1. Which pairs, out of K104/K239; K82/K201; K123/K253; K82/K136; K201/K251; K104/K201, put more than 27 Å between their alpha-carbon atoms?
2. How do L219, L86, L250 rank when sorted from fewest to most other Cβ atoms within 10 Å of their own Cβ?
3. Can you pull out the GluC sites (Glu not before Pro) in segment 202-249 that DSSP calls coil and that have at most 15 other Cβ atoms within 10 Å?
Amino acid sequence: MRKFPDTFNLIIEQLKSNERSTPTLKELLSIYFETLAKIEDDNLQKKLLRELIERYVTLEKKVDILLKNTLPETIAEEIKYKGRFLPRPYRCTILFTDFVRFTKLVEQIQKEVLIDLLDIIFKGFDDLVPNLGGTKIKTMGDAYMAVFGAPIQYEDHAVMAVKAGLALQNFLSSFNKENKQSFQMRVGIHTGEIMGGVVGKERMQFDVFGDDVNIASRLESSGMAGEVNVSHTTYSLAKGYFEFIERGSLKNKADMKAYFVVKSI
């Protein structure tokens, strides 16, 4: 707010410019208080505008964090600025995991304890997968799904997916030793063509679709506890980085060979 002398002198100058050169005290006080009110109102508006901007920025940050916790960052950014994420094709590598004899575990372990254990395991997976270039898609009960090479595309996604498969098995083995548990897991991996898009309204989710997703799921279900089972396509792309052992073909898919990963070369 202006100091009294500055405001008062301004009023006097304004009055002198009028035809009446001798204002009364009542007129002076009236003009003075009207001017003060306008100045105060201007300051109040500026203050309210600052508060509104600060609240908007805070809300935008919260929405941004929520989006990026729910969706991959590149997708969240596209939705934020374009309003939606259009479905698109990807060539990528799909990974599935599933626990062996999980129904028996449910019978043996208290449900609250089992959920806590799964929470620890899946949080560990959540840390490993993005560090190896993968994107978590979802968990489905005791199953875990991730893709490599989507939505951010890169060349060696098959290699990174196999590395992740081995890392997840190693993580589970260490978890069992530390927690005196006996979780056993199958891992299935396949490389192919999929469509990726965002589905849902209340809880948006990046998901992938296509026959190659189903093949990756079949490789998991036809695998063995403690092993990483990969398709011939994934094997062809990653054979220079790992040692494999051929294990026959998928059931009802005579032309689709499968391989267990033995170790990194």
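Read-outs throughout are calculated quantities, based only on the coordinates presented, and are distinct from any laboratory measurement. Not measured: the values here are computed from a predicted model. With ideal geometry, Cβ positions are generated from the backbone for all residues, glycine too; neighbour counts draw on all protein chains shown.
1. Exceeds cut-off: K104/K239; K123/K253; K201/K251; K104/K201.
2. Ascending number of Cβ neighbours within 10 Å: L86, L250, L219.
3. E202
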